[in-house]
Each structure stands twice: as C-alpha cells, then as structure tokens.
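This report concerns only the one structure given below.
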Amino acid sequence: MIVLGIETSCDETAAAVVKDGRQILSNVVSTQIDIHKKYGGIVPELAARNHIENISLVTKEALNEAKVDISDIDLIAATQGPGLVGSLLIGFSFAKALAFSNQIPFVGTNHLLGHIYSIFLNDENIDMPFISLLVSGGHTSLFYVSSFDKYELIGQTMDDAAGEAFDKVAKMLGFGYPGGIIIDELSKKSKEGKEVFFTRPYPKSFDFSFSGLKTSVLRYIEQNRDYKNHIPEIVSGFQNAVVDVLLNKLFKLAETKNIKNISIVGGVSANSKLREKAKKISKEKGFNLYLPQKSLCGDNAAMIGGVASVLHKNEPFALNNEDVFSRFKFKKTPNL
Ligand code: KG4
Ligand code: ZN
C-alpha cells in the first residue's frame, strides 16, 4: 500500500510517500522558520499563505524523490487537526482536490496520532499497549495506547506545553525562534555542577504545568544583573527541570500501569538531554524505550502517511464533507 501523506498543521509544509506503513520512500519538509523568526513566533496568516505557495512543489518533490507517479498512490492522507486552522485548510483542501481529481481514496488524519506513530517508522515491532509521552510546541500529553484506534489521554499540561516553555524562555533571553534547539545547544556549554536550580513543578496526578517554571527563569533574570555571564548555566538549569518533570511522570505512569514499553515523541523528543536521561533511566529500570529518528521528531508527513496506512489498511474511504479541527477533544481517563 503506497500512501501520500500531507502535513500543514503549523509552520512546516510537508509531503511524504510511505510504503506499507513502514518504509519511507520520500519525506520532504519545507520549513518556514526564517519567515517567522523575525516575529519571535508563528504568524498564522503568513504560515497559511506560505503553505499555499509551497504545497504543490513540495508534493511534486515527494513524488519525484519516491520515484512514483500519482497513479501509483493508493491513499492520500492529510492532517485534519489539531493545528492552525488556516494552515490546516491549505493542506487538507489541496489533498482532497488531488485525491478527487485522480480518483484516489482520501482520509483526514490526527496530527497527534501521527507523532505517536513516528516510532514505528524505525521499522521496529513494538508490542501494544505502550505509554507515549507526546512533547511538542502545542502539546505535553501522556497517552496509554492500546492500538491506533484505541488510546486514552491520561495526563496533559494545564498551561504551557513543554516546547512552548522552551520557546518562551529562549525569547526572554533574546534568542530566536524556535527556542528548543537553541537551548539544547547552549546547555551543552554549561559548566558541570554549576547549573542554576529551578524548583520542579509537580502538579497532581499525571498532569503538567510549565508556566511557573518559565516565570521562575524570568524572576532569576530580573534579580541577577550579571545573568548574561552565565546563560548556559541558566538554560541548562531550566532544561534539567523540564526533563526531570517529564521523565518523572512518564516512568511513574508506566510503573503504575505496569507497562514496559514507553515512547517519547514530538518536537521536544529531539532534545539531547531528554533522550540521554530517558535512555539511562530506562536501562536502569528495565523499560523498552522507543524514540523517533531525529528527523521524525518534528512535524513531518511520513508520520501522517504511516498512521493512515495502519488505520485505513482495509477500508480507505473518502468523506468529502469533512472539515479540519483546531483542537481535539480527548476523553480523559478518570481516577488515575
Ligand atoms: O512537533 P513540533 O515540530 O510541532 C508541534 O506540533 O508543535 O514541535 C515543535 C517544538 C518547538 O516548541 C521547538 O522549540 C521544540 O519542539 N523543539 C525542541 C528541540 N527541537 C525542537 N525542544 C527542545 N529541544 C530540542 N532539541
Ligand atoms: Zn507536531
């Protein structure tokens, strides 16, 4: 089964061709970072306008790189949500029209399920159920995944997402957008043992909260006039706090549910410290940890094509009156 995936939920215009849900034949991502950088964050209207300029070229490139023709495609899958509505509408409508004009089945795909699926593109067999920590610019969520059409949201952030906190702290210190990668790199320059300590926020159950931590960094900057002399120690202190909180909740949930298979996905799963510490703890505690390849942590269309292959293997269908959604309402598991 050959699937063309299309992803335009945020500031990446992406198209990919995936075979049998596992083999990436092409994965083209055109990022708009340079456009939004000067505004310190994503400007939704600019994002949508840029998607419309790029979507056909990016799709053509994905088909060319995969060495397939549109007539070889069995299914077209586009991100339906959650994300920026203007951006979603471009990829979704483009994909629908492409499918319609070539008489190919079309499906809308959940962006978050795409991220959760990204570990399967490593071509590993992962036993279900597993626990997935999804950490991105818009989400910090813990899922119990029994299958791709049966999953539960167990915890989520009550305010900022982890990636959003990275971006805001970087902005506070005068660095560009997106801040996660900048903080990751700067932290490597921090003097060992000299990291600034920030109190770890542990809200109840399996929820998260990062806005207080972000404010603590701001207070620290305001109260330490010489802060510019030790920026790596400040950002690595912040990064350590985020990593500790994320991993504490992830392992606590896996232990509570007695599940050995765990994964971390989404843009923030590219973070070096998070990956290194998660591997170390998993080894010590005997968990099987699955991480996406670095190129599949951030937004991409291979994960969309991949998850669509699994969900629609037997019955690709076209619902031509489907619309996009900005937020996805999960039923949260009570009493955990
Ligand atoms: O999954 P993603 O590409 O888009 C969303 O669906 O939100 O995630 C983007 C987020 C941004 O907040 C970015 O700063 C963060 O992922 N990010 C990182 C790293 N690389 C990207 N955060 C921490 N460390 C990184 N290396
Ligand atoms: Zn994403």
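Residue check: is residue 100 modelled with pLDDT of 95 or more and surrounded by fewer than 24 Cβ atoms within 10 Å (Cβ to Cβ)? Give the derivation first.
On the way: modelled with pLDDT of 95 or more: no; surrounded by fewer than 24 Cβ atoms within 10 Å (Cβ to Cβ): yes.
Spelling it out, it is not the case that residue 100 is modelled with pLDDT of 95 or more and surrounded by fewer than 24 Cβ atoms within 10 Å (Cβ to Cβ).
Of all residues being assigned to a helix (DSSP H, G or I) and touching a Cys at 6+ places or on another chain (Cβ under 7 Å) in the range 252-300, which is nearest to residue 242 (Cα to Cα)? Just the residue, please. Spell out the reasoning first.
Kept after step one, since they are assigned to a helix (DSSP H, G or I), are these residues of the range 252-300: 252-257, 267-270, 272-285, 294-296.
From what's left, touching a Cys at 6+ places or on another chain (Cβ under 7 Å): 267, 269-270.
Values: 267: 14, 269: 12, 270: 14 Å.
The residue in question is 269.
State yes or no: is residue 31 touching a strand residue (DSSP E or B) at 6+ places or on another chain (Cβ under 6 Å), among the polar types (S, T, N, Q) and in contact (Cβ under 8 Å) with a residue 24 or more places away in the chain? Don't jump to the end; show me each part of the working.
Numbers: touching a strand residue (DSSP E or B) at 6+ places or on another chain (Cβ under 6 Å): yes; among the polar types (S, T, N, Q): yes; in contact (Cβ under 8 Å) with a residue 24 or more places away in the chain: no.
Considered against the rule, which asks whether it is touching a strand residue (DSSP E or B) at 6+ places or on another chain (Cβ under 6 Å), among the polar types (S, T, N, Q) and in contact (Cβ under 8 Å) with a residue 24 or more places away in the chain, residue 31 comes out as no.
Within the range 177-192, is even one residue at pLDDT below 95, within 11 Å of ligand 1 (Cβ to nearest atom) and assigned to a loop (DSSP other than H, G, I, E, B)?
Yes, the range 177-192 contains a residue that is at pLDDT below 95, within 11 Å of ligand 1 (Cβ to nearest atom) and assigned to a loop (DSSP other than H, G, I, E, B).
In this structure, is residue 278 modelled with pLDDT of 95 or more and over 19 Å from residue 206 (Cβ atoms)? If you could, list the steps in order and put the result at the bottom.
On the way: modelled with pLDDT of 95 or more: yes; over 19 Å from residue 206 (Cβ atoms): no.
When the stated conditions are applied, residue 278 does not pass them.
Criterion first (more than 21 Å from residue 182 (Cβ to Cβ), without any contact (Cβ under 8 Å) to a residue 60 or more places away in the chain and in contact with a strand residue (DSSP E or B) (Cβ under 8 Å, 6 or more places away or on another chain)) does residue 257 satisfy it? Steps first, please.
Working: more than 21 Å from residue 182 (Cβ to Cβ): yes; without any contact (Cβ under 8 Å) to a residue 60 or more places away in the chain: no; in contact with a strand residue (DSSP E or B) (Cβ under 8 Å, 6 or more places away or on another chain): yes.
No; evaluated as a whole, the condition is false for this residue.
If you check residue 249 against the conditions, is it under 26 Å from residue 169 (Cβ atoms) and either away from ligand 1 (no atom under 14 Å from the Cβ) or at pLDDT below 95 (or both)?
Details: under 26 Å from residue 169 (Cβ atoms): yes; either away from ligand 1 (no atom under 14 Å from the Cβ) or at pLDDT below 95 (or both): yes.
When the stated conditions are applied, residue 249 passes them.
Taking the conditions exactly as written (farther than 30 Å from residue 313 by Cα and buried (at least 22 other Cβ atoms within 10 Å of the Cβ)), does residue 245 satisfy them or not? Break it down stepwise before answering.
Working: farther than 30 Å from residue 313 by Cα: yes; buried (at least 22 other Cβ atoms within 10 Å of the Cβ): no.
No.
Of (1) touching a residue at least 24 places away in the same chain (Cβ under 8 Å); (2) away from ligand 2 (no atom under 16 Å from the Cβ); (3) of a type outside the set (Gly, Ala, Ser), residue 296 satisfies all except one. Which?
Unmet for residue 296, out of (1) touching a residue at least 24 places away in the same chain (Cβ under 8 Å); (2) away from ligand 2 (no atom under 16 Å from the Cβ); (3) of a type outside the set (Gly, Ala, Ser): (2).
Of everything in the range 152-176, what is in contact (Cβ under 8 Å) with a residue 60 or more places away in the chain and assigned to a loop (DSSP other than H, G, I, E, B)? Give them in sequence order.
173, 176 - these are the residues of the range 152-176 that are in contact (Cβ under 8 Å) with a residue 60 or more places away in the chain and assigned to a loop (DSSP other than H, G, I, E, B).
Residues are listed down the side, and each one gets a yes or a no for (1) at pLDDT below 95; (2) within 15 Å of ligand 2 (Cβ to nearest atom); (3) surrounded by fewer than 20 Cβ atoms within 10 Å (Cβ to Cβ):
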| site | (1), (2), (3) |
| --- | --- |
| 2 | no, no, yes |
| 6 | no, yes, no |
| 45 | yes, no, yes |
| 62 | no, no, no |
| 69 | no, no, yes |
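How many residues are in a helix (DSSP H, G or I), more than 11 Å from residue 6 (Cβ to Cβ) and among the charged types (D, E, K, R) if we restrict to the range 43-101?
Adding up the residues that qualify gives 7.
Name the single residue that is nearest to residue 39 (Cα to Cα) among those in the range 178-205 being away from ligand 2 (no atom under 16 Å from the Cβ) and β-branched (Val, Ile, Thr).
That would be 182.
The values are calculated or read from the model by the stated rules, or taken from the named source; none is laboratory data. What you see is a predicted model; the values in this text were computed from it and never measured. Positions of Cβ are backbone-derived with ideal geometry, glycine not excepted, and every protein chain shown enters the neighbour counts.
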